[in-house]
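Chemist: Here it is: the structure, laid out below.
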Amino acid sequence: MANYKLPEPKDFLGNIHGKNTHLFVLTNEFGMQIALTDYGARLVSALIPDKHGNLVDVILGFGSIKGYLSAKEQYHGATIGRYANRIANGKFVLGDTTYELDLNNGPNSLHGGVEAFHTKVWDRQISNFKKRIDFYYVSPDGEEGFPGKLKTHVSYELTDNNEIVIRFRATTDKTTVVNLTNHAYFNLNGEGTGDVLHHLLHIPSEEYLPINKNQIPLGKPHRVQDTAFDFTSPRKIADSISNQKEEQLQFANGYDHGFVNTQPFSVPAASAYSEQSGITLDVLTTEPSVHLYTGNFLADDLGKSGQKYLRHGGFCFEAQHYPDSPNQQQFPNVILQPGEVFASTVIYRFGLKK
Ligand code: BGC
């Protein structure tokens, strides 16, 4: 599909729970453009020239606020919080108190609950000559069952090196847990062009996080060697996703697993490439894992260009802490104390191979 366009700002004018919604556009010198909305502090589009010189929108999403509100898949491009991914049985203990969250994913709490960060209209400030936008949200003490008033700040910057730099910051007034991520679905051939199974992935992780049938990590990272999780050399998703012997893939209906990130921030923790468009994507992050999700449950939603987003129509590289960390003390710390600042950065860097 050649020459995509950004959605129209007028189609993002709305009012949700008394707050107005908008579409914002950032551009760079290379001709890359991204669109964002304050509804869920989310990425709506990223237009980038492919190897044929066509502008391709590599992010799945919808052309209007209404589209986001009626979609079955609610997390497209959104900021996920307070706790990205799953917390087993929706329960965790801090000090002497057990906190109980709503279960919105079988026996688990997923992505911070039903009315979590992806459903909020964030305050915003645009700066730096349309290169950066800052979103703010204050989550009240007890919201969705989590302790502490959490002041959250997420900024998106588009650099002239074709990078989307996302910075997350949070502070609390009570001991709490926090795990923030971005949930963009990518298709490097363009959203709505079918599945991503022929994308090549390169993930240097030596270990990944196996899960149980409820998709909760078993507790210890496993080596990727000789498994369907070995992307230490570039490999097509299609080459291993249908590996019938791999029970792990059956539990999740595809890839939906954390890869342990030991790369320094300057080195990609995960990369993808599509030969068809020539577009490459590198993910650089300060977070201890990159969660690969191959859109296993996508179905039915009609995307921006009127095409259905079917299973595997996009993939996510979610830079984050390990799922269920509040219940698994051996995992990297997700507890935030008053006086501390939670800070993490993820860079989605695009390139072209001709
Ligand atoms: C999770 C999936 C879930 C999806 C929902 C991903 O981050 O890992 O299991 O179905 O989000 O969009």
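The values are calculated or read from the model by the stated rules, or taken from the named source; none is laboratory data. Predicted model only: the values in this text are computed from it and were never measured. Because the Cβ atoms are built from the backbone with ideal geometry, glycine has one as well, and the counts that use them run over all protein chains shown. The accessibility values were calculated without ligands, DNA or RNA, using every heavy atom of the protein model including side chains. Shrake-Rupley method; radii C 1.70, N 1.55, O 1.52, S 1.80 Å.
Chemist: Of all accessible surface on the range 157-203 at a 1.4 Å probe, what whole percent is carbon and sulfur?
Modeler: Values: 550 of 1240 Å².
The C+S portion of the solvent-accessible surface of the range 157-203 is 44 percent.
Chemist: Just to check, using Stokes-Einstein with a Kirkwood Rh over alpha carbon pairs, what's the diffusion coefficient of the range 166-232 at 20 °C and 1.002 mPa s in µm²/s? Mind dumping the intermediate values first?
Modeler: Values: Rh = 15.8 Å.
For the chosen part, D equals 136 µm²/s.
Chemist: State, as an integer percentage, the relative contact order of the range 98-147 based on alpha-carbon contacts under 8 Å between residues 6 or more apart.
Modeler: Values: 44 pairs, mean separation 19.3, N = 50.
Relative contact order here is 39 percent.
Chemist: What dipole magnitude, in Debye to the nearest 20, does the range 65-117 give about its Cα centre under +1 on Lys/Arg Cβ and -1 on Asp/Glu Cβ?
Modeler: Details: 5 positive and 5 negative charges, 43 e Å.
In total the dipole reaches around 200 debye.
Chemist: With 30 Å as the limit, write out which pairs from Lys120/Lys308; Lys174/Lys304; Lys5/Lys213; Lys304/Lys353; Lys151/Lys308; Lys72/Lys220 have Cα-Cα distances beyond it, or answer none. Don't jump to the answer; show the numbers that get you there.
Modeler: On the way: Lys120/Lys308 26 Å; Lys174/Lys304 41 Å; Lys5/Lys213 41 Å; Lys304/Lys353 26 Å; Lys151/Lys308 36 Å; Lys72/Lys220 33 Å.
Going by Cα-Cα distance, Lys174/Lys304; Lys5/Lys213; Lys151/Lys308; Lys72/Lys220 fall outside the 30 Å limit.
Chemist: Rank these by accessible area, largest first, 1.4 Å probe: Ile164, Ile241.
Modeler: Details: Ile164 0, Ile241 25 Å².
Of Ile164, Ile241, the descending order of accessible area is Ile241, Ile164.
Chemist: Moving on. With the contact rule set at Cα under 8 Å and sequence spacing of 6 or more, what percent relative contact order holds for the chain?
Modeler: Details: 948 pairs, mean separation 63.9, N = 354.
Rounded, it is 18 percent for the chain.
Chemist: Averaged over all directions, how much area does the convex hull of the C-alpha atoms of the chain cover when projected, in nm²? Provide the component values of the computation, followed by the final result.
Modeler: Working: hull surface 65.1 nm².
Here the figure is 16.3 nm², rounded to one decimal.
Chemist: Over the range 1-97, with the other protein chains present, what is the accessible area per residue in square angstrom, probe 1.4 angstrom? Present the calculation step by step, with values, prior to reporting the outcome.
Modeler: Details: 3850 Å² over 97 residues.
On a per-residue basis, 40 Å².
Chemist: Sort the range 115-213 into rounded, prolate or oblate with this rule: let a ≥ b ≥ c be the square roots of the eigenvalues of the Cα gyration tensor; rounded if a/c is under 1.5, and if a/c is not under 1.5, prolate when a/b is larger than b/c, oblate otherwise. Write out the running numbers ahead of the final one.
Modeler: Details: a/c = 2.09, a/b = 1.28, b/c = 1.64.
Here the range 115-213 falls in the oblate category.
Chemist: Residues of the range 290-331: accessible area per residue at 1.4 Å, in Å²?
Modeler: Numbers: 1450 Å² over 42 residues.
For the range 290-331, the per-residue accessible area is 34 Å².
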